[in-house]
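Below is one structure, written out as structure tokens; comments come after it.
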Amino acid sequence: MSDVESCSSNQNKKDYNTEKWVVTDKFKREISEYVDLSKTIKNAKEDLKLLNERKMELEQIIAEFMNDTGSTDIDTGTDTISIITSKTSQPLNKEYLRQTLLVNIPDENLADQIVELAFSKKTFQNCSESQIGTEERKIKINAIF
């Protein structure tokens with residue numbers, strides 16, 4: 001018999017497309033297990049969030065210690081904790097470009113003109129690949145018009 005059995009009695013039945021079905025005890029246990037697992041997963045996700053928050057706090061403490069002491073690695077006996085630093089740069093903006101230019105160009109008007117030129121929205125056509133010549137001899141060129 002299947003987990004949901006056909007039955008003509010009125011006990012635990014539902015009408016699905018005019019057929020009568022009764023839920024078996026096995027199916028009820030599976031539903032109960034599903035509900036329990038859903039609750040367990042929800043609680044585990046909440047616990048995992050708290051654990052990750054604490055882990056990040058500890059990472060900050062360890063990183064500060066390693067920076068203060070000049071350490072790059074800490075050997076825990078079973079693992080090695082390493083500091084990994086990455087450098088990112090911000091996109092070029094008008095003020096940064098202007099300040100950088102003024103270090104080398106004392107003329108503020110010239111620096112402003114260069115900044116405006118650099119950030120002007122001029123349209124251009126970019127032909128990334130053009131072919132000139134016969135089938136035997138093709139020359140590929142990159143051109144900006």
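The values are calculated or read from the model by the stated rules, or taken from the named source; none is laboratory data. Bear in mind that the values here come from a model prediction, so they are computed numbers and not experimental data. Positions of Cβ are backbone-derived with ideal geometry, glycine not excepted, and every protein chain shown enters the neighbour counts.
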Six or more apart or on different chains, Cβ atoms under 9 Å: show the pairs whose first residue is in region 49-71 and without any contact (Cβ under 8 Å) to a residue 40 or more places away in the chain and whose second is assigned to a helix (DSSP H, G or I). 71/65
Please count how many residues of region 68-90 are among the hydrophobic types (A, V, I, L, M, F, W, C) and part of a loop (DSSP other than H, G, I, E, B). 2
Name the one entry in 99, 90, 131 that is at pLDDT 85 or above and either more than 30 Å from residue 64 (Cα to Cα) or under 30 Å from the mean Cα position of the chain (by Cα) (or both). 99
